[in-house]
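The values are calculated or read from the model by the stated rules, or taken from the named source; none is laboratory data. These figures come from a predicted structure and were not determined experimentally. Every residue, glycine as well, gets a Cβ built from its backbone with ideal geometry; the counts of neighbours run over all protein chains shown. Note: areas computed on protein heavy atoms with side chains; ligands, DNA, RNA excluded. Shrake-Rupley method; radii C 1.70, N 1.55, O 1.52, S 1.80 Å.
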Amino acid sequence: MSASLPSRKRGQKRERQGRSLREVLRILGGTWIRGNRLENPAEPRSEGKKKLLANERSFVMMIEFDPWSTVKNRDIDDEGQQKFDDIIAADEKVEPRDWMPEGYRATVIRQMAQHAHSEVIGMQPEANWILRAPTLLRKSILIAKVQDEAGHGLYLYSATETLGVSRHELEDLLHRGRQKYSSIFNYPTLSWADMGTIGWLVDGAAIVNQIVLQGTSYGPYSRAMVKICKEESFHARQGFSILMALTSGSDAQKAMAQDSMDRWWWPALMMFGPHDSESTHTEESMAWKIKRMSNDDLRQKFIDQTVPQAHYLGLKIPDPELRFDSETEQWRTGEIDWDEFWAVVKGDGPLNRERISHKVRAWEDGAWVRAGASAYADKQVEMLDKSA
Amino acid sequence: MTTKEDTTIATGQFGVYLIRHADDNLVLGQRLAEYVTRAPDLEEELAVANIALDHIGLATHLFTYAATLVDGDTSADDLAMLRSEREYSNVLLVEQPHDGFGDVMVRQFLFDAYQLLLWQALSTSGDSTLSGIAQRAEREATYHLRHSSNWLIRLGDGTSESHSRMQQSINRMWRFTGELFESDELDVAVAASGVGADPVELEGAWRACVADVIDEATLSIPEDPYQASGGRSGIHTEHLGPMLAEMQSLARSYPGLSW
């Protein structure tokens, strides 16, 4: 069982019937949720109280998460296994309440959590240029993009929670270095051109991966990918648009774009992970249809679509061995520097320490805010209980 | 028959009036953007980025319109990127730096309440372009105020630590609120001509709204009567200069280029 899964004593059961309003509200963070109304019919709501509560938002941060609520049966289950195998064989989706093998659950949690962490950590290198964006329009677009990433993170964490693990458990694993995020975000953004290159290459690579992931076997992940892909394609286009402006601009702007290309090309290729022969998770993930295409195949797809775009922009690809294979009609690149790849994965990239310490600092700085909000929610519950 | 007094305002002067409000929004948007990736949780990351985006979007609309009215050949980006701190006319409140979420939300709350009243007043401006901008801004400000006042109440009436931090933030920001309701010749002129709003007239409603929320948050309004002033005439605190230096660094390093 993966370290990321919460432990439960065998036979431990949660009584889910007959919860008091107080308990239900506490689980929901003491909030009234509009749309999915949770109201105490015995409670006459005064205007003041209405005002106080009407706009309360749901704080997932305060959810006392019951990781087992979505799990029917975690023991070996022959019938469940058969049903699971049938779903996979028929190319259908596994849903949160379906029985699934522990390994499958752990793998999907690991992959989705890593994806969510990448979205959130990925905000940092771009936020580095929001304040210096050269025009009002570029500034707005960049903020919107970084905001999208927070949204993707939230969405993916929520989808991961369907597997019985809470967002804050996952964040904690990230903060302690027990779960990873995409290594690409450990590289620094050193010029405005990097905002273009990240959109074009990094989001471009992510899209290649994510389009295939729309076909992944876990239902909530697959559906998350459909939504996220739409926004990612906007991100990639805005990146390309930044580079179009630079490569058709002054010599200084062209040089800025080329320098950025030189720094990001290889890390972008590394985003697809090690060669298939070196990848520990590929075979099992392919059998479970979590992964639908291998690392090397995805990388090749990305290279073939990106090289002509670089030529269109007039950017030189920093690879003396790059050539077109006319037999397979594919672009062949030189070998990736795998020493660099593994160093960054293992924590020794240019900014690994900074990225995590920034994240941890924000989390710790926010502790009094979360505690305050939580205490306030408790007070509201007390007030309701008293008047009920 | 009475002769109607000529209250028409010069086009250039109206542009200057718009730039004041554009400056307020750009500077606050930039301050909020500084906080992106530093929020207490993901939901708040989304909210802070979203509100920053609203302010910068509003500034862009106002600058774009103002650029067609003021003298000389200029653009929205020129107005944002090529003016110095002496030329910026934002109120001092929005340029104040923040040390943590309490400052971010208190600054926001005090300004949101003002902006909501301002855009309500300007939504009936005799200038149709400005009233259009104002109607949209009013909807955004309504949401912003709801968000920031909820946080004030939540954290004011949360733990003793959150209460004391929020009170400190109010104490820090309060001296920059009086300026919001100072009126100069330009304000009076635009109000008289029916295209602008006199800030003096917003003060009563602002005080009632702010006192209400602060009271509900179990916090208090500081007793120190001192109020700072000068932003509208370009006399800023020392915090604006470094902010503009950072914001304008790229645009100024490569003058005249397209991005």
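Listed by first and then second residue, the pairs linking a residue in region B:225-243 that is closer than 15 Å to B:Glu87 by Cα to a residue that is small (Gly, Ala, Ser) and surrounded by 15 or more Cβ atoms within 10 Å (Cβ to Cβ), with Cβ atoms under 8 Å apart and 6 or more places separating them unless they lie on different chains, are B:Gly231/B:Ser89; B:Arg232/B:Ser89; B:Ser233/B:Ser89; B:Gly234/B:Ser89; B:Thr237/B:Ala228. Whether any residue in region A:301-310 is modelled with pLDDT of 95 or more and loosely packed, with under 13 Cβ neighbours inside 10 Å is what I want to check. Checked region A:301-310: at least one residue is modelled with pLDDT of 95 or more and loosely packed, with under 13 Cβ neighbours inside 10 Å. Could you run through region B:26-66 and say how many residues are open to solvent by 10 Å² or more (accessible area, probe 1.4 Å), touching a Ser or Thr at 6+ places or on another chain (Cβ under 9 Å) and aliphatic (A, V, I, L, M)? Count: 1.
Within the option set A:Val360, A:Val369, A:Val344, A:Val381, being among the β-branched types (Val, Ile, Thr) and facing chain B (nearest Cβ under 9 Å) holds for one residue only, A:Val369. Scanning region A:247-293 for residues that are open to solvent by less than 30 Å² (accessible area, probe 1.4 Å) and either among the small types (Gly, Ala, Ser) or farther than 24 Å from A:Pro320 by Cβ (or both) turns up A:Gly249, A:Gln253, A:Ala257, A:Ser260, A:Ala268, A:Gly273, A:Ser279, A:Thr282, A:Ser285, A:Ile290.
Candidates are the residues of region A:180-205 that are in contact with a helix residue (DSSP H, G or I) (Cβ under 6 Å, 6 or more places away or on another chain) and open to solvent by 20 Å² or more (accessible area, probe 1.4 Å); the one that is nearest to A:Gly249 (Cα to Cα) is A:Tyr187. The criterion of at least 3 residues that are over 16 Å from A:Ala224 (Cα atoms) and within 13 Å of chain B (Cβ to nearest Cβ) is met, among helices (runs of 4 or more DSSP H) falling completely within region A:91-192, by A:123-130, A:136-161, A:167-175. For region B:89-101, check the following and say yes or no: at least one residue is buried (at least 24 other Cβ atoms within 10 Å of the Cβ), at the interface with chain A (Cβ under 9 Å from one of its Cβ atoms) and in contact (Cβ under 8 Å) with a residue 60 or more places away in the chain. Among the residues of region B:89-101, at least one is buried (at least 24 other Cβ atoms within 10 Å of the Cβ), at the interface with chain A (Cβ under 9 Å from one of its Cβ atoms) and in contact (Cβ under 8 Å) with a residue 60 or more places away in the chain, which makes the answer yes. The residue pairs whose first member lies in region B:63-75 and is free of Cβ contacts under 8 Å to residues at least 24 places away in the same chain and closer than 15 Å to B:Glu87 by Cα, whose second member is hydrophobic (A, V, I, L, M, F, W, C) and in a loop (DSSP other than H, G, I, E, B), and whose beta carbons are closer than 9 Å, counting only pairs six or more residues apart or on different chains, are B:Thr74/B:Leu82.
For beta carbons closer than 8 Å, sequence separation of 6+ or different chains, a first residue in region B:102-116 that is of a type outside the set (Phe, Trp, Tyr) and a second that is not in a helix (DSSP H, G or I), the qualifying pairs are B:Asp103/B:Gln96; B:Asp103/B:Pro97; B:Val104/B:Tyr35; B:Val104/B:His98; B:Arg107/B:Gln96; B:Arg107/B:His98; B:Leu110/B:Thr177.
Among the residues making up region B:8-59, a single one is among the small types (Gly, Ala, Ser), at the interface with chain A (Cβ under 8 Å from one of its Cβ atoms) and not in a helix (DSSP H, G or I): B:Ala39. Scanning region A:235-252 for residues that are within 9 Å of chain B (Cβ to nearest Cβ) and within 32 Å of the chain's Cα centre (by Cα) yields A:Ile242, A:Ala245, A:Leu246.
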